[in-house]
Amino acid sequence: MSGVARPEQRRSPARTQPDADATRRLELVVAHILQWGIGVSVALVAIGVALMLIDGISPLDPTFPPFDPRVVVAQMLALEPAGFLWLGLALTIATPSVRVAASLVGYLRQGDRRMVLVSLGILAVIALSIVIAGTGGG
Amino acid sequence: MTVALLMAAGGIAAGAFGSLLGLGGGVLIVPLLTLGFGLPLREAVGVSLVSVIVTSSAAAGVYLERHVANLRLGMSLELFTAIGALVGGLVAFLLPERVVAGLFALLLAYTAATMTRRALARPEAPTPVTAMPSPAADAPAAAATDAVAAESPTGPGAAVPAESPADPAQTADGGFVGSLSGPGYAVRRYPFGILGSLFAGLVSAILGVGGGIVKVPLMNLGMGVPLRVATATSNLMIGITASASAIVYLFRGGIDPYVAGPTALGVFVGAAVGSRVSHRIDVRILRVLFIVVLAYTAWQMAMKALG
């Protein structure tokens, strides 16, 4: 199974034209991540909204359960709308980062160092926003 | 219960209008939630950001599948929109609501002016900014101006794009910027693109919009990217841009799930419906109507800003 040597694409150190096939494959992987990520998110949010309607919760109620990843599963098991809504919304926000992570892997395989750096840079900004928002108070 | 349904219906309307007129949802969702439902502006912005990620990512998935969006270009610019958005998300929590309302009024007025100019200049070529691509309808309109990017020829003789302003072989410098170019076009002025992207990120985070209204002209007019590719790539970039600031709103309690749920769901459904009926609807009358709505909303926001 592992007898076939994987053709690594490092043909020249300063390759300027990206490999068209590898780029196309990566585009399709990213497209599917986006479509699936948003599809599952919307489905979760739809369940949450349905439960909201059943429970008679009004969006104009000034209080709402805060986002707490540790209790989301428990909320879902208890069929609380907040659990489904939070998981759906968090997955929505995370989906673009997942596709950047997939791009990082793709560009690593292609040996495209500059795009690897770009991908890492984007993930670093996202990580920074989590750190700053999570610890900055508010 | 009724309010949740009303909010979802408002989201459907915002999503459908947005995709029919080539606007992002944000420019409609924020006024809907603040002026329509009386929610605080910052909360509306947080909810809008989430809704914008939903529609733009769904659209970007389709655009990538059709090989229209430029992943490399999008990523190398979204690094900077994300930085702008992170800063903007933090600044947004320091700005008084009246300042945000004033800025939003300016954005609405600018959007209305852009649409008016477009309506007068080229009545039958809508420019989708955050529209969800429909299965078949978006190709003909865009092909009129951007045959370059069309994957399949739209008719006999249409296979060869007659004009491409810059020949990649002549202008691509063979370096990083050269590798960002696509078939039939060469990316120019990348440093200008970086600056514009930082600005687009700031605008997006403070006002809760995707920022396509900045990114599309930036790439199209500023960097020599065909309109169709710029539109598709903008949709791709919006996801990361909006998520960088949405994280700040999420962790700082700026997103109410009971508002975000019905709204985002409505916008998703509305955008999907809008993109499927867009080829059957004459958007010219719709656009005129909408310019009036935007102008009125801009006035309302300005009043909110002035107290």
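The values are calculated or read from the model by the stated rules, or taken from the named source; none is laboratory data. Note that the coordinates shown come from a computational prediction; the quantities given were computed from them, not determined experimentally. No Cβ is skipped: glycine too gets one built from the backbone with ideal geometry, and neighbour counts run over all protein chains shown.
Taking A:Leu26, is it among the hydrophobic types (A, V, I, L, M, F, W, C), modelled with pLDDT under 95 and touching a Lys or Arg at 6+ places or on another chain (Cβ under 9 Å)? If you could, list the steps in order and put the result at the bottom.
On the way: among the hydrophobic types (A, V, I, L, M, F, W, C): yes; modelled with pLDDT under 95: yes; touching a Lys or Arg at 6+ places or on another chain (Cβ under 9 Å): yes.
Against the criterion (among the hydrophobic types (A, V, I, L, M, F, W, C), modelled with pLDDT under 95 and touching a Lys or Arg at 6+ places or on another chain (Cβ under 9 Å)), A:Leu26 qualifies.
So which residues in segment A:96-111 are touching a helix residue (DSSP H, G or I) at 6+ places or on another chain (Cβ under 9 Å), surrounded by fewer than 24 Cβ atoms within 10 Å (Cβ to Cβ) and not hydrophobic (A, V, I, L, M, F, W, C)?
Listed by number, the residues that qualify are A:Ser97, A:Gly106, A:Arg109, A:Gln110.
Cβ-Cβ distance below 8 Å, separation of 6 or more or different chains: which pairs start in segment A:54-70 with a residue that is free of Cβ contacts under 8 Å to residues at least 12 places away in the same chain and under 14 Å from B:Leu6 (Cβ atoms) and end on one that is among the aromatic types (Phe, Trp, Tyr) and in a loop (DSSP other than H, G, I, E, B)?
Correct list of pairs: A:Pro59/B:Phe37; A:Leu60/B:Phe37.
Considering every residue within segment B:220-232, establish whether at least one is part of a helix (DSSP H, G or I), of a type outside the set (S, T, N, Q) and either within 14 Å of chain A (Cβ to nearest Cβ) or closer than 30 Å to A:Met52 by Cα (or both).
Yes, segment B:220-232 has at least one match.
Could you go through segment A:52-59 and let me know if any residue there is more than 9 Å from chain B (Cβ to nearest Cβ), of a type in the set (S, T, N, Q) and surrounded by fewer than 21 Cβ atoms within 10 Å (Cβ to Cβ).
No, there is no match, as no residue in segment A:52-59 is more than 9 Å from chain B (Cβ to nearest Cβ), of a type in the set (S, T, N, Q) and surrounded by fewer than 21 Cβ atoms within 10 Å (Cβ to Cβ).
Considering only segment B:114-134, I want to know if a residue exists there that is within 11 Å of chain A (Cβ to nearest Cβ) and either surrounded by fewer than 24 Cβ atoms within 10 Å (Cβ to Cβ) or modelled with pLDDT of 90 or more (or both). If you could, list the steps in order and put the result at the bottom.
Taking segment B:114-134 as the starting set, the residues that turn out to be within 11 Å of chain A (Cβ to nearest Cβ) are B:132.
Those left that are additionally either surrounded by fewer than 24 Cβ atoms within 10 Å (Cβ to Cβ) or modelled with pLDDT of 90 or more (or both): none.
Checked segment B:114-134: no residue is within 11 Å of chain A (Cβ to nearest Cβ) and either surrounded by fewer than 24 Cβ atoms within 10 Å (Cβ to Cβ) or modelled with pLDDT of 90 or more (or both).
Would you point out the residue of segment B:253-288, among those that are outside any helix (DSSP H, G or I) and at pLDDT below 90, that is nearest to the other protein chains (Cβ to nearest Cβ)? So that I can check it myself, show each step before the final result.
Step one: of segment B:253-288, the residues outside any helix (DSSP H, G or I) are B:253-256, B:281-282.
Subset that is at pLDDT below 90: B:253-254, B:281-282.
Details: B:Gly253: 6, B:Gly254: 8, B:Ile281: 24, B:Asp282: 30 Å.
Among them, the one singled out is B:Gly253.
When you go through B:Ile29, B:Ile12 one by one, which is the residue that is within 14 Å of chain A (Cβ to nearest Cβ) and out of contact with any Ser or Thr (no Cβ under 8 Å at 6 or more places or on another chain)?
Details: B:Ile29 fails: out of contact with any Ser or Thr (no Cβ under 8 Å at 6 or more places or on another chain).
The unique qualifying residue is B:Ile12.
Only one residue in A:Ala74, A:Ala127, A:Ala43, A:Ala78 is loosely packed, with under 15 Cβ neighbours inside 10 Å and touching a residue at least 40 places away in the same chain (Cβ under 8 Å). Which one? Show your work before the answer.
On the way: A:Ala74 fails: touching a residue at least 40 places away in the same chain (Cβ under 8 Å); A:Ala127 fails: touching a residue at least 40 places away in the same chain (Cβ under 8 Å); A:Ala78 fails: touching a residue at least 40 places away in the same chain (Cβ under 8 Å).
After ruling out the rest, the residue left standing is A:Ala43.
Does segment B:287-299 hold any residues that are touching a helix residue (DSSP H, G or I) at 6+ places or on another chain (Cβ under 6 Å) and not basic (Lys, Arg), and which are they? So that I can check it myself, show each step before the final result.
As a first pass, look at segment B:287-299 and keep what is touching a helix residue (DSSP H, G or I) at 6+ places or on another chain (Cβ under 6 Å): B:287, B:290-291, B:294-295, B:297-298.
Scanning segment B:287-299 gives B:Phe290, B:Ile291, B:Leu294, B:Ala295, B:Thr297, B:Ala298.
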